Every structure is written in structure tokens, then in C-alpha cells.
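The values are calculated or read from the model by the stated rules, or taken from the named source; none is laboratory data. These numbers were taken from a predicted model, which means no experiment stands behind them. Cβ placement follows ideal geometry from the backbone for every residue including glycine, while neighbour counts extend to all protein chains displayed. Each accessible area value is taken on the protein alone, full model and side chains, heavy atoms only, with ligands, DNA and RNA left out. Shrake-Rupley method; radii C 1.70, N 1.55, O 1.52, S 1.80 Å.
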Amino acid sequence: MDGKTKKKEWKNMSTNVNTSLPLEFQTEQNRMNILGFWMFLGAEIVLFATLFATYSVLSTRYAGGPTPHELYDIKGVMIETILLLTSSFTCGIAIYEMHRHNKKGLLTWLIITLLLGLGFVGMEISEFIHYVHEGATMQTSAFLSSFFVLLGTHGLHVSMGIGWATMVIIQILKRGLTPVTARKTFIIGLYWHFLDVVWIFIFTFVYLKGLV
Amino acid sequence: MDNHSKGFPKSQVFGFVLSLVLTFAALFVALKTSLSFNTIIWIIGTLAIVQAGLQLFMFMHLKEGEDGNSQTINVIYGVFIAVVTVAGSIWVMSFGM
């Protein structure tokens, strides 16, 4: 195939619009971006697996420092869990409104999702500050090093997700609901649900296991 | 338009309620029962996997779209590597202790 036809095919990938499909799947380009994002999520599963493995191995090495029983506060953890769980739900509703071509509904639910996400990050930061005041820092023990790296990586992902979704919202406001902005919204939705999946395992194997 | 986007967002609400039930079930089993440590870890671990599956299928629609199979195989592969990494690390590092 010569360069010209190749270029033409490439162009068709993003210009051939199939309106019988949901917005985010209407062009070949969209379909491939979404598949590509699933590949990225596969890599994220492995990234978090290495951090969970480290934590599981080191979770009883207290080095004379505080233990999970002395540190974890189940009330705060439950609030964080409910905030993130609800934000995953409202994000699902946002995508649902997007499929109904309801731009206002989409934006409203996306903003609610982000506020819940901000609440989660705020709770987590105050939890970390509280731990550090109690003398539980990253340097205290192997348990706390692996704890802060695992939880910090997740919290950083949520924070980046908030920044990313904010930019997507600005783009929807500027360009309206097109196959391109719909695809971007769908992908940030996948990312957000994925962060909730990771949190389920943190909740179970870090907090609940530490408090049994 | 796809037909499951009309009317009430049933699958989302159902998934959300089920997630809440699973979360509180895990909380109850972990903190309010006097089962042995291993039994509790197995129960709450199972609840976590069910809830993760719920998110993947009901919210993320893993199997939907033209590339559903590729997506599923990719996630299964990621999970396989994750299980090998976590279980393998625990096994190797606790051997003989």
C-alpha cells in the first residue's frame, strides 16, 4: 500500500462515523483508543499487584512502631470507601446520561463525581497527616513504608483522575458532545471505575485485614 | 441508540446497592464475628473479588463493544500476572518462617 492510500485510510478511521453505535464507538479511531485504554488498565492491574505483594510481605514488620490496630480508624475508612463507591456510581450515571445525549445531565453527574473524589482525597490526606502526627511516617517501619507507597499511589491516581476529568469537562463545554469528547468521557469513566476496583482490595486486604 | 440507555439506569443502581451490601457484609464479617483469621480472610477476599467483578461487568461493560473478547482476555492476563505476583511473593517470603 503506498503512502497516499495509507494516509487516506488513517483519515477514514476518524471521519467514518457510524451513528448506529453509541457515541464513543462511532469511529474506528474511538474503538481503537478504548481497546488501547483497556491494555493500559491491564498494566495498571500489574502495577498495583506489585505494591500489594510488597505490602502483604511487609505488613507485619512493625520495627517497634505502631501496628494497624493502633493506627487504623474504621470510621474514617468507611467514609472514604462510601465516598469512592458512590463516585463510581455517579460516574456510571454520567456515562448513562451521555448515551442519552443529555449533555447537561452528563456534566452534572461528572461534577458530582469529582466532588466526591475530592472528598475522598481530602479524607485520605487528613488521615495521612494524622498518622504522621502519631509518629507513623514512611521511615518508621517496613509496614508503614509499603502502606504509604500503596495508598499514596492510589491517592495520586485519584488526584490525577480529578485533573484529567476537569479538562474533559472543559472540552465538553467548549466543543459539545461529539464522538471525540464522548470517547474521552467514556475513557475517564473506565479509569474512575478502575480506581474503585483497586480501592475494594485496599479496603479488604489493608484495612479490614489489619483490624481483624 | 443502544436500547439499555432508555428510562431508569437499572443496572447502575443495582450494581451500586449490591456494592454497598458487599462492603458492609465484609465489614461485619471482619469486625463483628469471632471466626478464625484465615476463615475471615477467605470470606472477605471472596466478597472483594465479587465486588470487583461487579464493577468490571456492570459499570465498565468489560464484555461489551466489538473488542469485548480482546478486552476480557487482556484483563484476565493482567489478573493472572497479579495473582502470580502477590501469591508468589507471599509464598516465597514466608517459606520456612
- Message: Please count how many residues of the stretch B:20-38 are open to solvent by 60 Å² or more (accessible area, probe 1.4 Å) and β-branched (V, I, T).
- Response: 1
- Query: Here are some conditions: (1) open to solvent by 20 Å² or more (accessible area, probe 1.4 Å); (2) among the aliphatic types (A, V, I, L, M); (3) part of a helix (DSSP H, G or I). A:L177 meets all but one. Which one does it not meet?
  - Reply: (3)
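Suppose the filter is open to solvent by 10 Å² or more (accessible area, probe 1.4 Å) and either within 11 Å of another protein chain (Cβ to nearest Cβ) or within 24 Å of B:L22 (Cα to Cα) (or both); does A:E44 pass it?
Taking the combined requirement at face value, the residue satisfies it.
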- Item | Boolean, B:S94 is within 8 Å of another protein chain (Cβ to nearest Cβ) and more than 26 Å from A:V57 (Cα to Cα) | no
- What about A:T140, is it more than 20 Å from the chain's Cα centre (by Cα) and β-branched (V, I, T)? yes
- Pull up the stretch A:49-90, narrow it to residues that are open to solvent by 20 Å² or more (accessible area, probe 1.4 Å) and among the hydroxyl-bearing types (S, T, Y), then point me to the one that is farthest from the chain's Cα centre (by Cα). A:Y62
- Query: Of all residues in the stretch A:57-108, how many are within 10 Å of another protein chain (Cβ to nearest Cβ), out of contact with any Gly (no Cβ under 6 Å at 6 or more places or on another chain), part of a helix (DSSP H, G or I) and not aliphatic (A, V, I, L, M)?
  - Reply: 8
- Could you tell me which of the residues B:L54, B:L47 is assigned to a helix (DSSP H, G or I), surrounded by 13 or more Cβ atoms within 10 Å (Cβ to Cβ) and at the interface with chain A (Cβ under 8 Å from one of its Cβ atoms)? B:L47
